Amino acid sequence: MSKAPQRGKLRNPPRGRRYALIAIVAVLIVAGGSGLYVYGSRIMGGSSSTSTATTFANTACTPSTSTSSGGANGTYALICTNLGLIEVQLFPANAPQTVANFVKLANSGFYTDLVWHRIVPGFVIQAGDPNTKNGGGNRSTWGQGGSPASVPFENSSLSNTAGTIAMASTAAGKGGSSQFYINLVDNSKSLDGNYAVFGQVINGMSVVNNLAKVAINTNSTSPEYSQPVNPASAYIVSVTIQTTP
């Protein structure tokens, strides 16, 4: 996994390079507004808080009885959240290494009690950072963590349309680890070819949309920007893998 840049390690460049860097930063800010940088650390000013870890409520999720599973038996993920169940069909034929990694992590209990640490209405919701376990730890590190394993970028033919699930990464076209996001809208124009789509929500999109409505930090200069104000308002209870929806 690529390491995030550390604070306090940057030196002042010569004046000419400074102007070039300012121009680059301006471009990145514009790109960030269109959602091109899906996962990674943020270098921002302002203070950050340290949350005390707690044991989230063991919310029960009832599988949907809908038959809109999209076909025959395959690989499915039941993402139980505090607001309900999200049923996802995974596509190992399109992104085999990404799916295998996700399945392995889910079966090990890796995703249990992790916060949806990045919520951007009209864009994505994102989870999978172990730094958010039980809503604890230093919030300025939320979004920087991952699993010990990593997978290469798989540029599948699947598109970042509304309801698709994709592997987040430290930059476009880079491999991923454990963090993933669910598209709230059609982000195909800005994200396709940069982040590996590996599944589709087949039931529970209303749950996804409700998670996107929880109160979040809207201060763009804060390390806690886009994080839920109350970690217990948006978290994963468990992820279960099975062969039927």
Practice task
Take the residues in segment 206-245 that are of a type in the set (S, T, N, Q) and part of a helix (DSSP H, G or I), then tell me which one is farthest from Gly143 (Cα to Cα).
Solution key: Ser206
Practice task
Specify the residue that is farthest from Phe91 (Cα to Cα); the eligible residues are those in segment 52-73 that are crowded, with 16+ Cβ neighbours inside 10 Å and at pLDDT 50 or above.
Solution key: Phe56
Problem - Residue, farthest from Lys174 (Cα to Cα), within segment 76-110, restricted to residues that are aromatic (Phe, Trp, Tyr) and surrounded by fewer than 23 Cβ atoms within 10 Å (Cβ to Cβ) - result: Tyr76
Problem - Options Ser220, Ser233, Ser206, Ser226; residue that is small (Gly, Ala, Ser) and at pLDDT below 95 - result: Ser220
Problem - Hits in segment 178-197 (condition: touching a Pro at 6+ places or on another chain (Cβ under 8 Å) and either surrounded by 24 or more Cβ atoms within 10 Å (Cβ to Cβ) or among the charged types (D, E, K, R) (or both)) - result: Ser178
Fill in the blank from the handout: Ala212: passes all of (1) of a type outside the set (Lys, Arg); (2) surrounded by fewer than 17 Cβ atoms within 10 Å (Cβ to Cβ); (3) in contact with a strand residue (DSSP E or B) (Cβ under 9 Å, 6 or more places away or on another chain) but (2)
Practice task
Test Ser169 against the criterion of being in contact with a Leu (Cβ under 6 Å, 6 or more places away or on another chain) and touching a residue at least 40 places away in the same chain (Cβ under 8 Å), and give yes or no.
Solution key: no
Exercise for the section: Please verify whether segment 223-231 includes one or more residues that are more than 13 Å from His117 (Cα to Cα), charged (D, E, K, R), under 17 Å from the mean Cα position of the chain (by Cα) and buried (at least 16 other Cβ atoms within 10 Å of the Cβ). Expected result: no
Handout entry: Every residue from segment 197-245 that is of a type in the set (A, V, I, L, M, F, W, C) and out of contact with any Phe, Trp or Tyr (no Cβ under 9 Å at 6 or more places or on another chain)
Key = Val201, Met205, Val207, Val208, Ala215, Val229
Practice task
Could you give me the residue pairs with C-beta distances under 9 Å whose first residue belongs to segment 187-210 and is over 15 Å from Gly176 (Cα atoms) and free of Cβ contacts under 8 Å to residues at least 24 places away in the same chain, whose second residue is among the basic types (Lys, Arg) and buried (at least 19 other Cβ atoms within 10 Å of the Cβ) wherever it lies, and which are 6+ apart or on separate chains?
Solution key: none
Completion exercise
All-but-one check, Ser140 against (1) out of contact with any Ser or Thr (no Cβ under 6 Å at 6 or more places or on another chain); (2) surrounded by fewer than 24 Cβ atoms within 10 Å (Cβ to Cβ); (3) farther than 21 Å from Tyr195 by Cα; (4) polar (S, T, N, Q), failing number (1)
Practice task
Would you tally the residues in segment 147-191 being over 24 Å from Asn107 (Cβ atoms), at pLDDT below 95 and either assigned to a strand (DSSP E or B) or of a type in the set (D, E, K, R) (or both)?
Solution key: 1
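The values are calculated or read from the model by the stated rules, or taken from the named source; none is laboratory data. All figures in this text were calculated on a predicted structure; none of them were measured in a lab. Cβ sites come from the backbone with ideal geometry, for glycine too, and all protein chains shown count toward neighbours.
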